[in-house]
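A.B. asks: My structure is below; once you've seen it, I'll send some questions.
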Amino acid sequence: MNSQLIKKILATVGAAILVVVIIVGDCICYAHENEITSHLCPDKIVYDTTSSTEALAESDKVIQRVAEEGITLLKNNGALPLDFSDLEEEEKYKVNLFGVGGTDSDVNGFYVFGGGSGSVTLEKENAVFLKGALENAGFAINANLYNFFKEKQANPAVDWWGKDSSLTYRNYAKAYSDTAIVAISRFTGENRGDDANLADTASQSFSKPWKVSYVDADADNRNFCQLSLKEEAMIRYCAENFENVIVIVNSGNVMELGLLEELDGVDAVMYVPYTGQSGANAIGKILKGEVNPSGKTTDTFAYSTTENAPYISDAVVASYGSSKQIAYTEDIYIGYKWYETADKEGYFTAKGTSYDKVVQYPFGYGLTYTSFEWALKGVTVKTNGQETSSTLANGAEIKDKNTTVEVLVEVKNTGKVAGKEVVQLYATAPYTKGGIEKPYVALTDFAKTKTLYPASEADGKEKLNSEIVKLEFNLYDIASYDCYDKNGNGFKGWELDGGTYTLSLRNNAHEINACDNAEFTFKIASSGFKFETDPATGNKVENRFTGETAEAGVPIDGSNDTDEKITYLSRADFAGTFPKAKFAPRTKGYDITKTAGIFGYMDDDVYYKDVQMPTLNAERKLFLYTLEDGSAPTLTDLRGSGQKIVANEELILELGKDYDSPKWSELLSQLTVLDVKDIVTRCSCGTLAAESIGKPKDRVFDGPAGLNNSTLSFDQLADVSAFPCEALMGMTWNKDLLREAGAAMASEVSKTGTIGMYAPALDTHRHPYNGRNFEQFGEDGVLCGKLGSKEVYGMITHGIQPSVKHFVISTPGINPRNYNSWITEQNLRENYLKAFEWTVKEGNTNFIMTSFNNVGGVMCAYSYALNTQILREEWGFKGSIITDYDVNSGTRTTASLIRSGNDLRFQGAVANRAELDENNAVDMALAVRSVKNSLYSFCNTYYRTKNYDPNFTTTSFTVIPTFNWWIPSLVFINIIIDCGFLFLCFWLWVKPLLIKKPVAVGEKCVCEQTAIRITEVKPKEENTSAHPVTTATVATATETAATVATTATATKKVESKAETTSDEKAEAYFNAIKYYALAKDGKVTSDAEGNTVTIKSGDKVMVSLTIDGDKVKAEYPVGDKDKVEIIVSDSSSLGKALLFVEKA
């Protein structure tokens, strides 16, 4: 095959690939049209903003309070608060700000938000960074040093601190102030996987709300959670050269900070996760002493995040073919539950170390500027049906499993400044070696006091010196889930072993408070207590994922009859079961729902055999919204582009109050098939309008730190606030403040014509390397659940339906689509489901988002056991469940979702309608149920808001559609590329056939200005009639000639036996052959005989060359027997002539 043909083929194939890419892109754009439009061309929403100003001002106050109570003081040798007493009036306190992490640089600067869908809505000029926060508090910043770090966008090299080139900066800093504030920053976000944060180097950026990057290009063998060598050098220099050294750790993930304890010259350390729009102001106030820090850690800070850490072997996913798998081999021992239990069992001592050398800052740890004294005031119990409590004596027996325990603690400020204290209550259950796995201590409840004043300042009214706080739990809350019947009593489920239980009042997970009776015990009879049913609902509780009863026949602990058993960490033998190597991925049962959805394991005849086709298209009598005159609205009205609509409050309140109201049947019967399909299959940041029931198009956007601006128009950026990240919210340990934060978010968001938020995130932290840890509260399910339930309550009572997420075990930072999570059912229930259970039962949430990953071999979105049996039946959840974005099994995705108990497919393609069969009774009945659940989330939120605030009403708004410029732009691109492809095909393949020109024998043609005469020679035995030779074009061989001139010999030099008249002729002879061979990519052989050389490709003769006097003659085969004879006098043009004839 000649090179010109190859080039034509390659050009055509390349163009065809481009066309295919465009076609695939068109399909993707079609499938995601709604989402693309909402991001690129959001409709302009016009609403009344007169009430927004007050809501925004209130939000900003809450934001700053969250930071003031959440920022945690990890170390303080007495340097804080800084002493302003020697300053003259109006004089600023001068400080040196070291580190790029203290600047407002967009690269490696001080971060006020995390990346991805959990980001915020904020304009940079409205954000308070560290420098601005310090200046707002009365500090003056060394501008010379600050500008150096900001312009460099990185910290200087290790040896910079000793170089002469840095003397100017160093000397000026010492002269400027004896106080150094060193800022260490880390930035991460959605889809930042654990493996990336464990790597030596890192680089990532996010474009919203403005482009922010984090770059670690140093190959220093330090990962994301470790101080870099550059940071260590900077900290050491400051510790040796300044009197006051404060380190601020600005990160959404806990870090290894051992150096900061090691260096006596480091006076104070503050942990400051992302602060939102103005939360950074709290830093300056804390340094100055205007605010007394009261934050507590919600994760354990270990000296090493990779040693003595049972999660580390399986922190990064394993692969089996295309399957990604994670094993939770640490079992129930996550976070402090591992470190405290390992210490109790002597694990660290046996390893030649100790708890104090392993754990730097325990869970629940935080310092303050004052001191507090606790006193246990009493322990009381109350069983179901009792109106009053009775005192529980220390060591007494509790005889009723339905008992609630209340612990009263008086907290008194014994210091010199006002402050708040956190009281933490932990439970220790009796443990038998080899029995049910149990942590040594587990958080049971917590309470934060109001601001308490020193006795000298207290007035007994507004300024209290002491407060009695109440902590409470019921016995179910401290039960263990025995999924394997490890205690051998024939029961699998929630239970309490008989024995002595200890309650302990602790300053943190490791340190018992010094008050009298800080440890309090009670007993349970040897038979223990079993919870066959859920105490809140009375519904049966049983194994859903273990052994023979496991959903889809795949136990989620990964046990099967094919693969090596997964070993889970056991308290009975920590040393022998500690995960030392990555588990062996499962080869069986991992892909149950990947392509088949729920139909991979569910049979309608078993699960939904009695379902009948629902009634639809009934007479329209009920409408959720009407026009102002009470008449039915049109679809245009419901989409916001027509007449004003108003809520039919009487109907909405009745439906929201009672999930089983008979009005539901009447309303749902009015639905059309299209309405049902559109609501259930095409939910994209809200559900679509349904004219049949007067349902408007609604808006639901991402959280959890306020609305994410990727879904808001630019006109709305100033109408919502940027809240601190959940990690910082969690560190407040303040339930009431979280309720206020939820209320503040909802108050402003509801005024933008929005009805919901995908928030809060209730994922429990598994380890420090998850890129989305900043979006979640912490490492304990009880803490997450109790804080989350309060935030949910605040949101629901202020007009917003919160979609708590991600249900469940979405622990990798990267979105874990179809990742298999192998975990014991005990760990799943006790740690990861616990936060959701609390929020359902205590916060009465009515909206939940499932996660991407699989529990075992079944995707969470398709899990009937999760979404129906546990969530709806065991816990009594009422409301709607939505998938995470674009969950897709490829086969009737929505039909799978609604069978599991999921209600809404988060993806807005019109094509999704086909995923429901209107002639399938199960499809339609369950889809109508899903519509009901979705509507109930809205109506119930409205009902609860109205009960809280009778003056509440939904914000009316008008939608002004934006021109969707991206669609015609895409069409234009398609036209250009498609037409270009067609033209290319015509020019290369069709044109030569249409305009071919015969070349007569003896006719002269011009080829590179060389006259070539083509003659035809016929064998004597053949017909000698004229046989025309055709040509499509005259080729230019200049490029090939240039190649010949600059390329070494590409073919074997032919040693001719022919007699030549001169050396020049031989050289010309050889060059002609070489030229042609190169043009043919060198894939030729040659035979020489006499004065003729035959060039072949395989067995096929390509050309014969003969020197004849002063001419070179070439014979080129045409067809099987004909040939073309070329005679040229200019032998250097022979190669060009050969190429020309080959084209002819």
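We did not get these values from a lab; they are worked out from the coordinates using the rules stated. Computed from a predicted model, the values in this text were never measured in an experiment. Quick reminder, even Gly has a Cβ in these numbers, built from the backbone with ideal geometry, and neighbours come from all protein chains shown.
A.B. asks: Starting from the Cα-Cα distance between L40 and N617, subtract it from 0.36 nm times their residue separation and give me the gain in nm to one decimal.
C.D. replies: Fully extending the segment from L40 to N617 adds 204.1 nm.
A.B. asks: What number comes out for the charge environment of E918, summing +1 per Lys or Arg and -1 per Asp or Glu over other residues with Cβ under 12 Å away?
C.D. replies: That sum, taken over residues with Cβ under 12 Å, equals -2.
A.B. asks: Same structure again: Quick one: which of 223-230, 304-311 comes out on top by average Cβ neighbours within 10 Å, and what's the full order, highest first?
C.D. replies: Most protected by this proxy first, the peptides run 223-230, 304-311.
A.B. asks: Scan around K94 for amide H atoms under 5 Å from its own, H built in the peptide plane at 1.01 Å from N, and keep only partners 5 or more places away or cross-chain.
C.D. replies: Long-range HN contacts for K94: A140.
A.B. asks: Shifting gears a bit: With a cut-off of 8 Å between alpha carbons and a minimum separation of six or more residues, what is the relative contact order of the chain in percent?
C.D. replies: The value is 13 percent.
A.B. asks: How are the C-alpha pair distances of the range 769-813 spread across 10 Å bins, as whole percents from the shortest bin up?
C.D. replies: All Cα pairs, binned at 10 Å, distribute as 23, 52, 23, 2 percent.
A.B. asks: Computed on alpha carbon atoms, what radius of gyration and Dmax characterise the range 369-568, expressed in Å?
C.D. replies: In order Rg, Dmax, the Cα atoms of the range 369-568 give 20.9, 72 Å.
A.B. asks: Considering the options Y274, T72, S119, tell which one lies farthest towards the positive end of the dipole of the range 69-295, charges being +1 on Lys and Arg and -1 on Asp and Glu at the Cβ, about the Cα centre.
C.D. replies: Among Y274, T72, S119, the one farthest towards the positive end of the dipole of the range 69-295 is S119.
A.B. asks: Another question about this same structure. Please list, ordered by chain and number, the residues whose modelled amide H lies under 5 Å from the amide H of A722; skip anything fewer than 5 residues away on the same chain.
C.D. replies: Excluding prolines and chain starts, which carry no amide H, the hits are Q277.
A.B. asks: What order do you get for T449, T845, T567 when you list them from fewest to most C-beta neighbours inside 10 Å?
C.D. replies: Result, fewest neighbours first: T567, T449, T845.
A.B. asks: Quick one: net charge of T562's neighbours, Cβ under 13 Å, K/R +1, D/E -1?
C.D. replies: Taking every Cβ under 13 Å from that of T562, the sum is 0.
A.B. asks: Follow-up question, since we're still on this one. Given the peptides 292-303, 402-413, arrange them by the average over their residues of other C-beta atoms within 10 Å, most packed first.
C.D. replies: So the peptides 292-303, 402-413, ranked by packing, come out 292-303, 402-413.
A.B. asks: With the crude spin-label approximation of a point 7 Å out along Cα→Cβ, what separation in nm comes out for A217 versus E654?
C.D. replies: The answer from the label model is 6.8 nm.
A.B. asks: Now a separate question. On alpha carbon coordinates alone, what is the Rg over Rh value for the range 69-295, Rh being the Kirkwood radius?
C.D. replies: Using only Cα positions, Rg/Rh for the range 69-295 is 0.94.
A.B. asks: Next question, about the same structure. If the range 518-646 were replaced by its equivalent ellipsoid, with semi-axes equal to the square roots of 5 times the Cα gyration tensor eigenvalues, what would those be, largest first, whole Å?
C.D. replies: 50, 27, 20
A.B. asks: HN-Hα J couplings of the range 741-755 from phi, Karplus 6.51/-1.76/1.60, θ = phi - 60°, integer Hz, Gly and Pro as x?
C.D. replies: 5, x, 5, 5, 4, 5, 4, 7, 5, 5, 7, 9, x, 10, 9
A.B. asks: For the range 70-87, just list the computed ³J(HN,Hα) in residue order, Karplus coefficients 6.51, -1.76 and 1.60, θ = phi - 60°, integers in Hz, with x standing in for Gly and Pro.
C.D. replies: Result, ordered by residue: x, 4, 10, 8, 8, 8, 7, 8, x, 6, 9, x, 5, 8, 9, 5, 7, 7 Hz.
A.B. asks: Would you give the gap between the C-alpha center of the range 43-70 and the C-alpha center of the range 658-672, rounded to a whole Å?
C.D. replies: The distance from the Cα centre of the range 43-70 to that of the range 658-672 comes to 36 Å.
A.B. asks: Starting from the Cα-Cα distance between D629 and N517, subtract it from 0.36 nm times their residue separation and give me the gain in nm to one decimal.
C.D. replies: Working it through step by step, the gained length comes to 33.6 nm.
A.B. asks: Something else now. How far is the Cα center of the range 835-850 from the Cα center of the range 413-487, in Å?
C.D. replies: 22
A.B. asks: Quick one: if the Förster radius is 41 Å, what FRET efficiency do E842 and A455 give, using the C-beta to C-beta distance and rounding to 0.05?
C.D. replies: The calculated FRET efficiency here is 0.70.
A.B. asks: Another one. What is the ratio of the Cα radius of gyration of the range 793-862 to 2.2 N^0.38 Å, where N is its residue count, to two decimals?
C.D. replies: 1.19
A.B. asks: Okay, next question. Rounded to the nearest 5, what % of DSSP beta bridges with both residues in the chain are antiparallel?
C.D. replies: 70
A.B. asks: Provide the FRET efficiency to the nearest 0.05 for the K344-T891 pair, computing r from the beta carbons and using R0 = 35 Å.
C.D. replies: Taking R0 as 35 Å, the efficiency between K344 and T891 is 0.10.
A.B. asks: Another one. Using a simple charge model, +1 on the beta-carbon of Lys and Arg, -1 on the beta-carbon of Asp and Glu, nothing else, what dipole does the chain show about its Cα centre, in debye to the nearest 20?
C.D. replies: With Lys and Arg at +1 and Asp and Glu at -1, about 2180 debye.
A.B. asks: How many Å³ per residue does the convex hull of the Cα positions in the chain occupy?
C.D. replies: Given the Cα convex hull of the chain, per-residue volume reads 259 Å³.
A.B. asks: While we're here: I want to check the label-to-label distance for N384 and T168. Put each point 7 Å from Cα in the C-beta direction and report it in nm to one decimal.
C.D. replies: 7.8
A.B. asks: Turning to a different aspect of this structure: What are the residues whose amide H is under 5 Å from the amide H of Y303, where those residues sit 5 or more places off or on another chain and H is modelled from the backbone?
C.D. replies: V359, Q360
A.B. asks: Assuming 0.692 mPa s and 37 °C, estimate D for the range 551-599 with Stokes-Einstein, Rh taken as the Kirkwood radius over Cα pairs, in µm²/s.
C.D. replies: Estimated diffusion coefficient is 258 µm²/s.
A.B. asks: Where the only charges are on Cβ atoms (+1 Lys, Arg; -1 Asp, Glu), what is the dipole of the range 766-817 about its Cα centre, to the nearest 20 debye?
C.D. replies: Approximately 140 debye in magnitude.
A.B. asks: At a 10 Å Cβ-Cβ cut-off, how would you order C683, C515, fewest neighbours first?
C.D. replies: C515, C683
A.B. asks: Show me 797-809, 80-92 ranked by packing, highest mean number of other Cβ atoms within 10 Å first.
C.D. replies: So the peptides 797-809, 80-92, ranked by packing, come out 797-809, 80-92.
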